[in-house]
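A.B. asks: First, the structure itself, so that you have it in front of you.
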Amino acid sequence: MLPDAKIHLLLAQQIPGLRTEAAPGGAPAKVIQAFTAYTRKMIRTGALPEIRKCFSMAGVLYKNGSRQLRDAIESVFLFGLSPLLNAPVKTLLPASLQNARRQFILNNSQC
């Protein structure tokens, strides 16, 4: 499992454009919030290779992260990006995140 305190370092290493936006040592939700903002910017500019990299990293974090990190990815990352996930972009999501998004939508539509 990835330690929550190291998430910002991993993201900064894998996604150099995010380096200045992720707060070191921040809570997982704060780090994922910055990561979501960066990913939104990439989706709006149509930078497919960078979007693919962001989605791949989110999948790795989701698979290997703590429960708190997984919750942040579900509620902050996926929820925050949902309005921008059109058909071509949505297909770039890893299967684990597509399933989590589907579950999140189903759980919240029943309220």
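A.B. asks: Considering the chain as a Gaussian network with a 10 Å cut-off on Cα pairs, which listed residue, A87, A47, A37, attains the greatest mean-square fluctuation?
C.D. replies: Largest GNM mean-square fluctuation: A87.
A.B. asks: I would also like to ask the following. Could you sort 5-17, 53-65 so that the peptide with the highest average Cβ count within 10 Å comes first and the rest follow in order?
C.D. replies: 53-65, 5-17
A.B. asks: Return the sequence-ordered ³J(HN,Hα) values of the stretch 44-55 in whole Hz as given by the Karplus equation 6.51 cos²θ - 1.76 cosθ + 1.60 applied to θ = phi - 60°, using x for Gly and Pro.
C.D. replies: Values per residue, Gly and Pro as x: 5, 8, x, 7, 4, x, 6, 4, 4, 5, 4, 5 Hz.
A.B. asks: Students often get this wrong, so check it: of K6/K63; K6/K41; K6/K30, which have C-alpha atoms separated by over 18 Å?
C.D. replies: Listed pairs above 18 Å: K6/K41.
A.B. asks: Rounded to the nearest 20 debye, what is the charge dipole size of the chain about its Cα centre when +1 sits on each Lys and Arg Cβ and -1 on each Asp and Glu Cβ?
C.D. replies: The dipole magnitude comes to about 160 debye.
A.B. asks: Which whole-number percent gives the relative contact order of the chain, counting Cα pairs below 8 Å spaced six or more residues apart?
C.D. replies: 27 percent
Any read-out appearing in this document is the output of simple, stated calculations on the displayed coordinates, not a laboratory observation. In this text the structure is predicted, and so the values were computed from the model without any measurement. Neighbour counts are summed over all protein chains in view; Cβ atoms, including those assigned to glycine, are modelled from backbone coordinates with ideal geometry.
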